[in-house]
Amino acid sequence: MLAIWRACINFFPLKKAYRSLLFSNSSLQNRIFFFNLQIHLHSFPTLATKMPVIAAKRSLRSHPSSPPRKSPRRCKAATANSSPSVNKFGTNENQAGPEAVKPKWNPKDGEQMKAVKLALHLSTAPCSVVCREEEQNVVLEFCKGCVEHKKAGSLYICGCPGTGKSLSMEKVKEQLLNWAKEGGLPLPDVLSVSCTTLANTSDIFTKMLGLNQKQGKKVSASPLQQLQNMYSQKSSIKNMTLIVADELDYLITKDRAVLHELFMLTTFPFSRCILIGVANAIDLADRFLPRLTSLNCKPVVVNFQAYSKDQLLKILEERLKELPYTVFQQPALELCARKVAAATGDMRNALSICWSAIEMLEAEIRESACNLNNSLEEISFSKQNLPTAPDFMKKREFDTVRTDHMARALSKTYRSPVVDTIQSLPHHQQIILCSSMNHFRGAKKDTILGELYKSYAGICRSSLIPPAGILEFSNMCRVLSDQGLIKVGQSREDKLRRVSPKVNEGDITFALQGIRFFQNCLK
């Protein structure tokens, strides 16, 4: 290395770099020196011819049997079966970040699109039910205690729609049967009934009786009376019966007597019935089963809370984890989870919105293909060398569902009157709302019409749009005031009128974020 430095010391352009390198130990300066050295070697062929000789002398100093030296960083990054490959940006291609673990999908592939929609369909049961482990454990322990001690009992599961109640019960039934089989206990008979499918509400007793009664016996008593007689005395039935009555709200609206008699079956001395009711009403036991409370037989209540933003995001990622490619941008999933959690916390809505966002991407692909065909037809009549079809398609990203797709899907699902009103406004009135939103950010709650006009005119000029005059601007503000979007005060001069907002900033952002013109203004 010293030989190279001494050879270059006589050249004036390299003196400064050499002196800075000589009196500094900085690795950055070393890199700058070698970069300058490479440039000047190409400028001075006499010096360039000396470089191989110096390199050859240096290679003779090492022992012939010694292996070639490697960079410590490259040795550390390389694995036993593969050698690191460095791309043109100087990064190791073998080291993949968390976003590069899965390749991006091809939405134009019919099989991939079908697999993605199937993973997000409501009827597709996930491999594991996440974010409901605590509730499942409570229900499972209750059922285990009833089966182990051969004691009847009742439990009521309540919660908002789309919070995983029915799906959790399917997992509990599977776990209970596996537990009884491993423990050598008699397997309980399981009956799952959706009360909305019953022609008559009393048909639920007929289904329960069919599990415990042999075929061929004809009895004049009703199915409810037969069950009451069976559970009032000792019988040959040893197995417990697990009844899962989903959509129990249906029995409340149709016949409360059936609902009451159903829970009363668990109070008989020789009952073998484990009743689990699933419904949305939180206070069902207190309002519709008062007699059970007086008999100290009130069912155990398990409440399923609405999903939070983190829980919704985790469930969506769990469903998409099985796919071998990345479908959604992470900010798009976070936006969906945040909006759904703030509205209802319904997981079914989140799946439906993700499905709708995928359809937005499909529509964009079809529109782009149509525009491409029109462009190719125009190109065929000209002799200019324009980009080919593949190059044109590469300019647009059609490999993931983006945030704008998700925002449009959310707007379609949670459409409010304010958002509809803003989206139906003329373009200049939308610019006024956008400028007012930028103007009222922070602690400022009102301004005069003249100041708002300056902000409006600035947006128009930056976008090369001629602004309206002050008189026309004042009339547009009156229209917005009549629609309840802003409030305009009274004054002798239009410029001195006080203007204040009447809608939330988030509604304006949500309504205008899908329009390309306002993307820079809303930042």
Using a simple spin-label model with points 7 Å from Cα along the Cα→Cβ vector, what separation in nm is obtained for K144 and C370? 5.9
For Q423 and Q490, FRET efficiency with R0 = 41 Å and r from the beta-carbon atoms, rounded to 0.05? 0.85
Additional length obtainable on full extension of the chain from E174 to N280, 0.36 nm per residue less Cα span: 35.8 nm
For a paramagnetic label modelled at 7 Å from the Cα of K102 toward its Cβ, which residues of the stretch 115-133 fall within the zone defined by backbone nitrogen distances under 20 Å? 115-131
Å² of accessible area per residue within the stretch 406-453, as computed with a 1.4 Å probe and no ligands counted: 43
Mind ranking H121, H149 by accessible surface for me, highest first, 1.4 Å probe? H149, H121
Quick one: length gained pulling E261 to S123 fully straight, 0.36 nm per residue minus the C-alpha distance? 46.4 nm
Under the definition of Cα pairs under 8 Å and six or more residues apart, what whole-number percent is the relative contact order of the stretch 158-294? 31
How high is the relative contact order of the stretch 237-363? Use alpha-carbon pairs under 8 Å, at least six apart in sequence, and give a whole percent. 21
For an R0 of 51 angstrom, estimate the FRET efficiency from the Cβ-Cβ distance between R498 and K309 and round to the nearest 0.05. 0.85
Residue-span extension gain [R415 to E472] - 0.36 nm each, minus C-alpha spacing: 17.5 nm
So for each of 230-238, 414-422 I average, over its residues, the number of other beta carbons within 10 Å; can you give me the resulting order with the highest mean first? 414-422, 230-238
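Provide the FRET efficiency to the nearest 0.05 for the S232-A342 pair, computing r from the beta carbons and using R0 = 60 Å.
0.70
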Using the Karplus curve 6.51 cos²θ - 1.76 cosθ + 1.60 with θ = phi - 60°, work out ³J(HN,Hα) for each residue of the stretch 339-353 in order, rounded to whole Hz, and write x for Gly and Pro. 5, 5, 5, 6, 8, 10, x, 8, 5, 5, 5, 4, 5, 5, 5
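The values are calculated or read from the model by the stated rules, or taken from the named source; none is laboratory data. Predicted model, so just to flag it, every value in this text is computed and none were measured. Every residue, glycine among them, receives a Cβ derived from its backbone with ideal geometry; neighbour counts consider all protein chains shown. For accessibility, only protein heavy atoms count, side chains too; no ligands or nucleic acids. Shrake-Rupley method; radii C 1.70, N 1.55, O 1.52, S 1.80 Å.
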